[in-house]
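Beneath this line is the structure, given in structure tokens, with notes to follow.
Values quoted throughout were computed directly from the atomic coordinates according to the rules given, and no laboratory measurement underlies them. Not measured: the values here are computed from a predicted model. Cβ coordinates were reconstructed from backbone atoms using ideal geometry, including for glycine residues, and neighbour counts include every protein chain displayed.
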Amino acid sequence: MTSWNTAERRELRQLVGDFTDRRITPFMGDWESAGEVPRELHRQAGELGLLGLGFPERAGGAGDFLDFLILNEEIILHGGSAGLCGALLTHAIATPHIADAGNPNQIECYVRPTLEGASIGALAVTEPGGGSDVASLRTKAVRDGDSYIVNGAKTYITSGCRADFVTTAVRTGDHPHKGVSLLVIDTDSPGFVVTRKLDKMGCRCSDTAELSFTDVRVPVANLVGPEGTGFGQIMQRFDSERLVLSVQACATAQRCVDLATSWARDRVTFGQPLVGRQVIRHRLAEMARQVTAAQSFVRDVAVRYTSGERVTTEVAMAKNTATFACEFVVHQAVQIFGGMGYMRESEVERHYRDSRIMGIGGGATEIMNEIIAKGMNLC
């Protein structure tokens, strides 16, 4: 028995698997076409307590970070997708800063309703032309009495079209790092506009938006933590976000191994199943090897992170390891499926498209390598 396979976590896996089988998998095609998941799905997940996993009890949560990772893993293993996790579990990037800051009013107004599935939050950091360079953000918040006046724009914002509030990184001072703060902005505020719903290669059931802020008045009471601490708050959450993506990548790869193996057993060509051919067996074996190795490493780093170790370098390694394994496996799965693997009706086709974001989101592969290089004292 490991930390990932306790009796309680086996029950959690069963709960999430049943929920996914009933409430998610049958509707994935419809949601991919619609470009979003219904708000009702958030309510259903909230009623089961799934959205509170990994959050402190004082904020309405339960369990720890490993429980939240298992939630992501089981959703994908049962036919969901990384895109579905992004849409349904956006609260995991929108509300932790608020919960950690500990303001009771903010927790009651934003965190608890979101964990209950009654509200949807988003996190807005990236700006047009900004990418991962958080210290260069330009969306500005100017103090005016008991309010801030916010002007600027954000892009690539997950759940930005459906969000009721957006935890927004803003510039409140001139210093690149100490001049960044976090503000919770209600999306019904005058001057807040969803400029555009973005059309993506993959993760199509997860709505992604461009946002603009024109003289948006935000109460000072919506400041998350002290002014000027936003950069640090954002940096502190990067490791957990990258571990979530690592687990999603491993689960996506494992799901594709399972799908490809089943297909190879059933698909008959030239009088015998595909699995009867050595080249296919060896391809499946290599896919399984890469997934197993990546998953073992990712899980080990996740346990160390959850126990409080400083593992930033290892997290970067884990993310790249999981990403490379996932990219290899989804490519091979589509090849094994052949023409059917190229069809939208095939699940592996969806995973093939969705997996491409793994080496971009949460810090690109190149940025992970730079973090690893720093950990090796190379720069």
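Odds and ends about this structure:
- Mean separation of Cα contacts under 8 Å, 6 or more apart, over the residue count of the chain: relative contact order %: 15 percent
- The H on the amide N of Ser147, modeled in the peptide plane, is under 5 Å from the matching H of Val220, each at least 5 residues off or on a different chain.
- Report summary: the helix-based calculation at 222 nm, which adds -39500 (n - 2.57) for every DSSP H run with n ≥ 4 and divides by the residues of the chain, gives -15000 deg cm²/dmol.
- The chain: antiparallel DSSP beta bridges as a percent of all, rounded to 5: 85 percent
- DSSP-loop GluC sites (Glu not before Pro) across the range 250-338, with at most 14 other Cβ within 10 angstrom: Glu309
- Label-reachable residues, the range 140-180, where backbone N falls under 19 Å from a point 7 Å from Arg39's Cα toward its Cβ: 158-167
- In the chain, the longest principal axis of the Cα atoms and the axis of helix 230-266 are about 20 degrees apart.
- Listing Ile107, Ile76 from fewest to most neighbouring C-beta atoms within 10 Å gives Ile107, Ile76.
- Tilt relative to the chain, helix 365-375 - C-alpha long axis, 0 to 90 degrees, to 10: 80 degrees
- Loop-located trypsin sites (Lys or Arg not before Pro) in the range 258-307 (DSSP state other than H, G, I, E, B) with a sparse environment of at most 10 neighbouring Cβ atoms within 10 Å are absent.
- At an R0 of 30 angstrom, the distance between the Cβ atoms of Leu378 and Val142 translates into a FRET efficiency of 0.15.
- Charging the Cβ of each Asp and Glu at -1 and of each Lys and Arg at +1, and nothing else, the dipole of the range 181-245 about its Cα centre rounds to 220 debye.
- Under the convention that each Lys and Arg Cβ holds +1 and each Asp and Glu Cβ holds -1, the size of the dipole of the range 112-167 around its Cα centre is about 80 debye.
- Averaging the sequence gap over all C-alpha pairs within less than 8 Å and six or more residues apart, then dividing by the number of residues, gives the range 1-144 a relative contact order of 25 percent.
- Least to most buried among Ser119, Ser189 (fewest other Cβ within 10 Å first): Ser189, Ser119
- Per-residue Cβ neighbour rank within 10 angstrom, fewest leading, His331, His91: His331, His91
- Rotationally averaged projected area of the chain (alpha carbon convex hull; nm²): 19.2 nm²
- Cα-based helix-to-principal-axis angle, 65-77 vs the chain, degrees rounded to 10: 50 degrees
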